[in-house]
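All remarks here apply to the structure that follows.
Every number here is computed from the coordinates shown, using simple stated rules; none is lab data. Note that the structure is a prediction, hence the values are computed from the model and not measured. Heads up, the Cβs are rebuilt from the backbone with ideal geometry, glycines too, and the neighbour counts pull from every protein chain shown.
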Amino acid sequence: MNENLVKKPKKDEEDIVEEEEDIELEDDEEESSSSDTKKTEDDPKKKMFLLMGIIVGGALILLLILYIASLFTTRTYNYEDMETILKDAAVAYFVDHPDQLPKNDGDAVVVDSSNLVYEGKMNDLSTYRNDGVACTGTVQVENVSGEYVYIPFLNCGESYSSVELASKIEEDNPTVSNGNGLYAINKARVFRGENVNNYVQLDKSLWRVVKINNDGTITLIHATGLDFYQPWDNRYNEERLYESGINNYSVSRIKDYLQKLYSNPSKDDGEEILSNNDKARLVSFTVCVGSRKTSSEGRNNAEECRQKVQNQKLGLLTLSDYLVASLDTTCKSADTKSCMNYNYLTTDDEWWLATPNAEDTSTVFKVDRSGVVKAEIASTYSRVRPVITLNSHTMFASGKGTADKPYKIK
């Protein structure tokens, strides 16, 4: 055996144990380092979820507090809301009492808010406000061609009162005796002049107030006229020996056309100038259709109203109504060109009047593009400017009667 070889000593058992412990310690340190790294990465996520939880929880608590508070807080309704409550309560009331509804066209009945409260259809009006304002209310129900129109009236003293359109117009336009404005003529209040604030916006189209009648109804004329032209009449005339038309309004094409325009308008042709809501505000009226001569003087419808067509929903303006709208003192008859002056009824197009010319059987008065009145063959084509009448209980909603802020109704 080679003595130069040195035998490698065996490791002491304690050294082996120490090495194993060192290895385990290193492993633990690595695991701890990895765990710390993971914790460092997870901490922002946990904080984010925690923050979101706090926000959501806080929002839920806030909503719960607001809900509980609402149970002990009395809502204050505005006056328009209260009018709606009155109307809805009346509708519910007459569902239970249909025998009390007005039977005939034009009839009306009134129910008081106290009856509606007694019947359990609404609360006392005092409960809808918390400002101490005392209110009373009624609802008028009108029969309009078999349909029932409910009109609420709310009276809260100086704080608020439901206002009819006619009253609002008169409030904004005190009666005058000269200049532009509203004139008292034959128990009616008539607009005269070039610059008057008498625009009314209905659902489908813009109109202008001609006059407030002595029963509180309001006569309106279409602001511009329809976008298409119609003959006044185009039947065969024995006097003219051709289809020049016959100037008898009662059997005229224009009367038939106006009835169609009301009952069965063509949407494609732009004939729908009234919504159902608009129609519910209309009343039937009498169209004065008597003839007069071109030189006849007078602006009070005395000649025109010698003949009448009753129960119309759409009509045309009379010659007298056009003449009286002018403030020119020389405007007295159809052949006076000055009637175009200071007259809000003039437009930039020609349009038919309801008045026939008494000098023959085929000509009718119309207003030309410059505002001058002319007698024209009935079979020629001109614009139609329908006339309607709003009922006396049409309620004012907003507006000032100007072109940019017309009156609007409820």
XL table 293/337; 255/366; 267/405; 103/187; Cα-Cα > 20 Å flagged, in table order, is 267/405; 103/187
Considering only the other residues whose Cβ falls under 12 Å of the Cβ of residue 314, what net charge follows from Lys and Arg at +1 and Asp and Glu at -1?
-> +2
Cα extents of the stretch 309-368 along the principal axes, largest first, in whole Å, come to 32, 28, 21
If unit charges are put on Cβ atoms (+1 for Lys and Arg, -1 for Asp and Glu) and the dipole of the stretch 92-133 is taken about its Cα centre, the option from 113, 126, 94 lying farthest towards the positive end turns out to be 126
Hey, in the GNM for the chain with a 10 angstrom Cα cutoff, which one of 133, 384, 190 fluctuates hardest?
-> 133
Roughly what % of DSSP beta bridges within the stretch 168-409 run antiparallel, to the nearest 5?
-> 85
Dipole of the chain [Lys/Arg +1, Asp/Glu -1 at C-beta], most positive-end residue of 205, 141, 288 | 288
Residue with peak Gaussian network fluctuation, the chain [Cα springs, cutoff 10 Å], from 327, 64, 317 | 64
Share of Cα-Cα pairs in the stretch 122-275 beyond 26 Å, in percent?
-> 54
Under a point-charge model restricted to the Cβ atoms of Lys and Arg (+1) and Asp and Glu (-1), what is the dipole moment magnitude of the stretch 79-162 relative to its Cα centre, in debye to the nearest 20?
-> 100
What's the angle, to the nearest 10 degrees (0 to 90), between helix 13-71's Cα axis and the longest principal axis of the chain?
-> 20
For the stretch 168-409, radius of gyration divided by Kirkwood radius, i.e. Rg to Rh on alpha-carbons = 0.95
Relative contact order of the stretch 259-362, defined on C-alpha pairs under 8 angstrom at six or more residues apart (%) = 28
For the stretch 186-243: relative contact order, % (alpha-carbon pairs under 8 angstrom, 6 or more apart) | 24
Dipole of the stretch 168-409, Cα-centred, from +1 at each Lys and Arg C-beta and -1 at each Asp and Glu C-beta, to the nearest 20 debye?
-> 620
Principal axis dimensions, the stretch 333-398 - Cα atoms, whole angstrom, descending = 45, 26, 21
Evaluate the distance, in nm, between pseudo-label points positioned 7 Å from the Cα of residue 126 and of residue 272 along their respective Cα→Cβ axes.
-> 4.8
Positive end of the charge dipole of the chain (Lys, Arg +1 and Asp, Glu -1 on Cβ, about the Cα centre): tell me which of 265, 85, 358 has its Cα farthest that way.
-> 358
Would you grab the residues whose amide H sits under 5 Å from the one on residue 163? Only those 5+ places off in sequence or on another chain, please, with H modelled 1.01 Å from N.
-> 396
Translational D (Stokes-Einstein, µm²/s) of the stretch 275-400 at 37 °C and 0.692 mPa s when Rh comes from the Kirkwood sum over C-alpha pairs?
-> 213
Gain in span if fully extended, residue 96 to residue 171, counting 0.36 nm per residue against the direct Cα distance | 23.1 nm
For helix 253-263, what angle does its Cα long axis make with the longest principal axis of the chain, in degrees from 0 to 90 and rounded to 10?
-> 30
What is the sum of charges around residue 204, taking Lys and Arg as +1, Asp and Glu as -1, for the other residues whose C-beta is under 14 Å from the C-beta of residue 204?
-> -2
Checked against the structure, the computed Kirkwood radius over Cα pairs in Å among (i) 23.6; (ii) 21.9; (iii) 27.1 is the one labelled (iii)
Order of 264-274, 365-375, 250-260 by packing, highest average Cβ count within 10 Å first?
-> 365-375, 250-260, 264-274
Per residue of the stretch 83-97, in order, report the coupling 6.51 cos²θ - 1.76 cosθ + 1.60 (Karplus, θ = phi - 60°) as ³J(HN,Hα) in whole Hz, putting x for Gly and Pro.
-> 5, 5, 4, 4, 4, 4, 5, 5, 4, 5, 4, 7, 5, 7, 10
How high is the relative contact order of the chain, in percent, with contacts defined as C-alpha pairs under 8 Å that are six or more residues apart?
-> 14
Size of electric dipole in the chain: Cβ of Lys, Arg +1 and of Asp, Glu -1, about Cα centre, debye, nearest 20 | 5040
Add -39500 (n - 2.57) for each DSSP H run of 4 or more in the chain, then divide by its residues: what number comes out at 222 nm, to the nearest 500 deg cm²/dmol?
-> -9000 deg cm²/dmol
Report, in cubic angstrom per residue, the convex hull volume of the C-alpha atoms of the stretch 79-162.
-> 81
Once you have the Cα-Cα distance between residue 224 and residue 147, take 0.36 nm times their residue separation minus that, and quote the gain in nm to one decimal.
-> 24.8 nm
In a shell of Cβ-Cβ distance under 9 Å around residue 365, excluding residue 365 itself, what net charge do Lys and Arg (+1) and Asp and Glu (-1) give?
-> +2
For the pair residue 329 and residue 64, the simple spin-label estimate (label points 7 Å beyond Cα toward Cβ) gives in nm 8.4
